[in-house]
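Nothing in this text is a laboratory measurement; each read-out follows from the coordinates by a stated rule. Computed from a predicted model, the values in this text were never measured in an experiment. Neighbour counts are summed over all protein chains in view; Cβ atoms, including those assigned to glycine, are modelled from backbone coordinates with ideal geometry.
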Amino acid sequence: MAMVKSDAYGHSMIRVARVLGDNGCELFGVAEMAEGVALREAGCEGEIFIFLGFDPGDIDYLFTHDLTPVVFTIEDLERIAVAQRRRGVTIDVYLKFDCGMSRLGFSPSAAAGVFARCKSLAIEPVGIMSHFPCSDNRRSTSSTQVSEVFYQIDHHDPAGRPLVKSICNSGGLLYQPASHGDMVRIGISLYGYYPDGSTGRESDDGQGLRPAMRCLSRIIQVKTIAAGSGISYGHTYIANREMRLAVLPIGYSDGYFRSMSNRAEVLIRGQRAPLRGRICMNMCMVDISAIEGAEVGDEVVLLGRQGSASIDADELGEWSGTISYEVLCALGNNNHREFLR
Ligand SMILES: *Cc1c(COP(=O)(O)O)cnc(C)c1O
């Protein structure tokens with residue numbers, strides 16, 4: 001299953017789903033009903049899974065848009081049963097179990113009761129799902145325990161067929177080969193990143209995954225400031241020498257986190273230039289003293305390659321105290337996007 005929630009981690013749910021669908025992907029995962037509706041209306045023909053439940057008033061979309069709910073409360077099972085009777089049709093339902101994440105899901109110890117309730121409601125679950133809390137850590141022993149709890153949930157449909165079982169995200173796919181089950185649900189690795197922040201160059205092909213997203217800006221003003229000048233709000237950086245500064249039209253409202261102030265670097269003419277002073281809402285400043293010829297209009301790479309240099313989302317995550325996932329969502333979902341292929 002391709003996880004395309006949150007606008008495909010900033011890459012565009014509809015464009016990503018279209019490319020994946022054209023290449024044979026049949027299962028798509030989103031967080032909210034509205035995302036599933038939008039994806040269906042954009043022409044996605046695969047099975048679309050809704051992971052975060054639904055407002056009771058929105059239940060008809062499950063039927064009109066052929067969406068598959070991953071259910072985690074008895075109340076939602078009851079609502080689905082009522083709607084199925086009212087409409088005279090059934091839909092596929094998956095059940096979510098909480099096997100150690102302390103997030104969404106029925107308790108595995110309640111499984112027998114949940115299946116009994118399904119039966120009395122004439123709901124036939126197609127599969128069960130859970131989620132790993134620590135699968136991004138190759139050395140954590142948590143995943144083995146969580147996996148054991150999950151695979152012990154035992155149920156067969158009336159025909160004796162076992163349920164579809166799915167617990168793996170990208171970390172599970174890459175680092176928990178014994179837990180793959182019937183279906184894996186991958187997000188971050190689709191977009192070219194390893195969940196543990198590694199480059200994956202130790203992988204079989206020595207290449208690793210390749211990030212899909214680049215984020216570009218440009219220089220809109222160049223100036224020379226005297227030694228002793230303070231830069232940006234609060235003067236958190238004071239130039240200790242004469243300095244050539246470039247102003248870039250990107251700031252925290254564009255998803256370029258303020259917490260990276262005085263820490264991040266960008267690429268200009270294939271070289272790294274350090275950010276100086278605080279990142280503003282729509283602008284920031286970089287030191288281009290060392291970059292010969294840098295001028296207004298130059299391309300600036302915030303994320304991605306330029307020549308032989310590159311900056312990836314894990315590095316931006318280190319500068320801002322977060323992870324690649326959040327960097328991709330923030331930059332992708334707050335800026336104009338162009339799709340190269
Ligand atoms: C987002 C999500 C995934 C994908 O996680 P990645 O670490 O990005 O691969 C899998 N399952 C569920 C339920 C999710 O919400």
Gain on full stretching of the segment that runs from ASN262 to ARG161 - 0.36 nm per residue minus C-alpha separation: 30.5 nm
Under 18 Å from the GLU295 label point (7 Å along Cα→beta-carbon), backbone N, the stretch 212-228: 218-224
ILE238-ARG272 FRET efficiency (beta carbon distance; Förster radius 25 Å; 0.05 resolution): 0.75
Computed lengthening from THR64 to ARG86, 0.36 nm per intervening residue step minus Cα-Cα distance: 6.6 nm
Alpha carbon convex hull of the chain, projected area averaged over orientations, nm²: 20.2
Geometric extent, Cα atoms of the stretch 2-202 - Rg, Dmax (angstrom): 16.9, 55
Candidates SER324, SER135, SER308, ranked by Gaussian network fluctuation over the chain, Cα under 10 Å, top entry: SER308
Percentage relative contact order, the chain, counting C-alpha pairs under 8 Å, at least six apart: 12
Cα gyration tensor shape for the stretch 255-341, rounded if a/c is under 1.5, else prolate or oblate: oblate
Packing rank of 271-277, 239-245, where each peptide gets the mean count of other beta carbons within 10 Å, highest leading: 271-277, 239-245
Distance from the stretch 97-114 to the stretch 7-75 (C-alpha centre basis), Å: 23
GNM top mover of LEU39, LEU316, LEU163 - the chain, alpha-carbon springs below 10 Å: LEU163
Within a Gaussian network of the chain (alpha carbon springs, distance under 10 Å), most fluctuating of GLY105, GLY230, GLY251: GLY230
Set of lysines with alpha-carbon distance to LYS96 below 25 Å, sequence-local pairs under 8 removed: LYS5, LYS119, LYS165
Extension gain (nm, one decimal) between VAL19 and SER308, 0.36 nm per residue minus Cα-Cα: 101.2 nm
